[in-house]
1. Identify, by number, the condition in (1) without any contact (Cβ under 8 Å) to a residue 60 or more places away in the chain; (2) within 16 Å of ligand 1 (Cβ to nearest atom) that GLU188 doesn't meet.
2. Looking for something assigned to a loop (DSSP other than H, G, I, E, B) and farther than 19 Å from ALA215 by Cβ - is there at least one such residue anywhere in the stretch 313-320?
3. Hey, among the residues in the stretch 250-272 that are polar (S, T, N, Q) and part of a strand (DSSP E or B), which one's nearest to ligand 1 (Cβ to nearest atom)?
4. Select, from GLU87, GLU31, the only residue that is among the charged types (D, E, K, R), more than 20 Å from the chain's Cα centre (by Cα) and over 30 Å from LEU332 (Cβ atoms).
5. Under 7 Å between Cβ atoms, which residue pairs at least 6 apart in sequence (or on different chains) link something in the stretch 27-39 that is among the hydroxyl-bearing types (Ser, Thr, Tyr) with a partner that is away from ligand 2 (no atom under 16 Å from the Cβ) and at pLDDT 95 or above?
6. How many of the residues making up the stretch 276-294 are out of contact with any Pro (no Cβ under 7 Å at 6 or more places or on another chain) and farther than 24 Å from ARG5 by Cβ?
7. GLU31 - would you say it is charged (D, E, K, R) and within 11 Å of ligand 1 (Cβ to nearest atom)?
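The values are calculated or read from the model by the stated rules, or taken from the named source; none is laboratory data. Keep in mind it's a predicted model, so treat the numbers as computed, not measured. Note: ideal-geometry Cβ built from the backbone for every residue, glycine included; neighbour counts use all protein chains shown.
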Amino acid sequence: MKKIRLSILGATGSIGRSAASVAQAFPDLFEVVALAAGTNVGLLSDLVSRFRPGFVSVKTDAERALLIKSLKGLGLGKLPEVGVGEEGLRTAATLPEADQVLSAVSGALGLLPTFAALAAGKKVALANKESLVIGGGLLGPNDRELISPVDSEHSAVFQALGGSLDASRIRRLVLTASGGPFRGYDAERLKTVTYEEALSHPNWSMGPKITIDSATLLNKGFEVIEAHHLFRLPYDSISVVVHPQSVIHSLVEYPDGSMIAQLGPTDMRLAIAYALTNPTRLPLLDNKGLAGYAPFPFDKSLSFEEPDRKVFRALALAEAAGRRGGSAPAILNAAGEVAVSAFLAKRIPFHAITDVLEDCLGKIPVVPIKSLEDALAADKDARGYAEARIPKYQNR
Ligand code: NDP
Ligand code: MG
């Protein structure tokens, strides 16, 4: 396989760190040419000393100064060029030296760099589902050919389709959901959950935003919208089933009733590696550099149940927003980002996150999205409205 020159956006995050571990475990296959992060300068300088990329980007000038100081302290010799903010992310996404871009910042922030990478003709390993939730309708005919999904469910479908996004021959796509830490709870019990409980996912280790979204099932709703755009399927052909063991990562159903599922470790390094190297599969199980990566031990039974959309209303709200189209998914996403940061800042209780989504989707007018500018404007407006509503949900 030809060496892949890789740019990692969100290098210090949960996905970024997993990607770095894969790149480091297969040094003959990957050359990391750019790393973009936000504020975690300590980890970023460690990644720079490991991979020696030519370009690095951080959130603001303050982090830039800290990073340069830290890199000088490490005595690395020639320093990388260091960019800042959205411009830095864009540079990392479109760098001529990069063949592939792993889009793994979290939130709507990923929209512009993801589309910039596609416009520059880069192959994009897409973890940042928000860019499709908000801007999926803007994907051009050639864009989808450049995308390989990283989200484990979409990777599973991609794998079940033989490394393709062409779902024209399937009858239905079934996304599996673990159900999160509060599976089986009723609405009253959801009102009693603690901050720590919401942040501990039973099966996956992820960044804080997606961990909370997995507990409300908003994440599964985002994934339905993501699947609609990636695989060009109508919403009626996308189902969700709760599968608490997270061993089956998703499946496709053919018209004859046959179902092809993908099973594997609950470890994002699988989906990340497949997104980067498909159709080649890397020998992850036999690589000593990938600590903790282990095969399924066949020690548990697999079970399935319907999601409870009455208790986990975020899933139903997201599905309805997807069907409605226009700016509705952007409103959903912005409301979710504001509500989850308010929850993480202990300003609102867990169950109020979904109330904020419902409030925003009910009150903010839905408009068509014809350009990235439209998408950004919808995002900005919804954020403003959601922020103003947060005090109403304090201590409820
Ligand atoms: P994390 O919160 O762990 O990481 C987010 C990354 O984005 C960090 O590197 C962070 O940098 C960076 N970032 C944040 N703000 C900025 C900014 N202003 N400028 C530049 N970089 C910034 O998120 P995850 O890794 O969990 O998720 C990343 C994406 O992947 C999300 O879209 C998520 O939905 C998706 N995803 C994640 C999965 C998972 O298992 N974690 C599974 C499927 C999808 P820093 O920390 O330095 O501030
Ligand atoms: Mg997922």
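1. Of the numbered conditions (1) without any contact (Cβ under 8 Å) to a residue 60 or more places away in the chain; (2) within 16 Å of ligand 1 (Cβ to nearest atom), the odd one out for GLU188 is (2).
2. The answer is no, given that none of the residues of the stretch 313-320 is assigned to a loop (DSSP other than H, G, I, E, B) and farther than 19 Å from ALA215 by Cβ.
3. Filtering the stretch 250-272 down to residues polar (S, T, N, Q) leaves 250, 258, 262, 266.
From what is left, the residues that are part of a strand (DSSP E or B) are 250, 262.
On the way: SER250: 12, GLN262: 15 Å.
Filtering first and then ranking leaves SER250.
4. Step by step, each of GLU87, GLU31 is checked, and only GLU31 is among the charged types (D, E, K, R), more than 20 Å from the chain's Cα centre (by Cα) and over 30 Å from LEU332 (Cβ atoms).
5. Partner pairs satisfying both residue conditions: THR39/LYS59; THR39/GLU63.
6. 4
7. Working: charged (D, E, K, R): yes; within 11 Å of ligand 1 (Cβ to nearest atom): no.
Judged against the criteria, GLU31 is not a match.
This table checks each residue for (1) touching a Phe, Trp or Tyr at 6+ places or on another chain (Cβ under 6 Å); (2) under 30 Å from ALA352 (Cβ atoms); (3) outside any loop (DSSP other than H, G, I, E, B); (4) within 16 Å of ligand 1 (Cβ to nearest atom).
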residue	(1), (2), (3), (4)
ALA125	no, no, yes, yes
GLU130	no, yes, yes, yes
VAL133	yes, yes, yes, yes
SER148	no, no, yes, yes
GLY163	no, no, no, no
LEU175	no, yes, yes, yes
